[in-house]
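Working notes for the structure below.
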Amino acid sequence: MDERTRKSGSRQAATPAQTAADTERPGTRAEGKQDKDGVAASLGVRIRNQRKQLGLTLDEFAARSGVSRAMISKVERSEKSPTLSVLVRLAAGLNLTLSSLLGSQPDKSEVSIIRAKSRVIFRDPESGFERHALSQIEADNGVEILMHRIPAGQSSGVLPVYSVPTEKYVIVQEGELIVHLNDQDRLLGPGDTIHFEITAPYTFSNPGKKDCTYYVMLVRRPK
């Protein structure tokens, strides 16, 4: 891979120190193509039920996730919807993968098929970032396969470190992708790949004039 590396300038608009509440916008949809409204409406209920199952108060959940108490309360009541970076924090605070929080279910069958129309899809209302779950949740091997799509000029927002050691393998299908990691921007084009262990907050962004589509293999290694 021809990796072009340069120090980050003014492109990164957020820092890891920013509170999650600072990036909230209304309108996020966690959606399967067959039942968009139903999945979106159930997200707040799912978050509240899981928090209560863990015996967490709003204050305790806020401390664990890094999301403000007020915002969590609004999300649980479906008054506001989280951006991608916030939703990742909420999932981590509940000890769930993001796919699990969005409604994906484990499948122990020998042959597993996910039809395109049945994918669990998250669409960020602020950036238009899309996250498509392409694989079932595999608790045994910790591997998950995803497709991301970022509109021109948009980004994922700052994504946090996971609670367990996690690696990402990325291959760009079309467009341009900048991976901001460890204070450096790495620019990738179609066919380029990158692999890294997530040891610090990072960002995916699209500097180009058309959508960027790339595939991700997420590998979690339990402690």
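The values are calculated or read from the model by the stated rules, or taken from the named source; none is laboratory data. Keep in mind the model is a prediction, meaning the values are calculated, not measured. Backbone-built Cβ (ideal geometry, glycine too); neighbour counts: all protein chains shown. For the accessible areas, the whole protein counts, side chains as well, though only heavy atoms, and no ligand, DNA or RNA atoms are used. Shrake-Rupley method; radii C 1.70, N 1.55, O 1.52, S 1.80 Å.
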| task | Kindly provide the set of residues from the range 66-92 that are more than 21 Å from GLY128 (Cβ to Cβ) and within 14 Å of the chain's Cα centre (by Cα), ordered by number. | result | ALA92
| request: Take the range 95-114 and flag every residue that is open to solvent by less than 60 Å² (accessible area, probe 1.4 Å) and modelled with pLDDT of 80 or more. | output: LEU96, THR97, LEU98, SER99, SER100, LEU101, LEU102, ILE114
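The rows are residues; the columns are (1) out of contact with any Ser or Thr (no Cβ under 7 Å at 6 or more places or on another chain); (2) closer than 14 Å to ARG131 by Cα.
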site: ALA152; (1), (2): yes, no
site: ILE171; (1), (2): no, no
site: ILE194; (1), (2): yes, no
site: PRO201; (1), (2): yes, no
site: GLY208; (1), (2): yes, no
site: THR213; (1), (2): yes, yes
site: ARG220; (1), (2): no, no
| request: Looking for whichever is aromatic (Phe, Trp, Tyr), assigned to a strand (DSSP E or B), buried (at least 19 other Cβ atoms within 10 Å of the Cβ) and at pLDDT 95 or above here; the options are TYR169, TYR214. Which one fits? | output: TYR214
| said: Being among the hydrophobic types (A, V, I, L, M, F, W, C), touching a Lys or Arg at 6+ places or on another chain (Cβ under 7 Å) and at pLDDT below 50 narrows it down to one residue among ALA13, ALA20, ALA30; which is it? | reply: ALA20
| query | How many residues does the range 172-196 hold that are without any contact (Cβ under 8 Å) to a residue 60 or more places away in the chain, closer than 25 Å to GLY66 by Cα and loosely packed, with under 15 Cβ neighbours inside 10 Å? | reply | 1
| task | For residues that are in a loop (DSSP other than H, G, I, E, B) and modelled with pLDDT of 85 or more, scanning just the range 115-130, find the one that is surrounded by the fewest Cβ atoms within 10 Å (Cβ to Cβ). | result | ARG115
| Residue in the range 134-146 that is open to solvent by 10 Å² or more (accessible area, probe 1.4 Å), closer than 26 Å to VAL67 by Cα and part of a strand (DSSP E or B) present | no
| said: If ILE145 satisfies all but one of (1) free of Cβ contacts under 8 Å to residues at least 60 places away in the same chain; (2) over 19 Å from SER85 (Cβ atoms), what's the number of the condition it fails? | reply: (1)
| task | Please state which one of SER155, SER163 is within 15 Å of the chain's Cα centre (by Cα), hydroxyl-bearing (Ser, Thr, Tyr) and surrounded by 19 or more Cβ atoms within 10 Å (Cβ to Cβ). | result | SER155
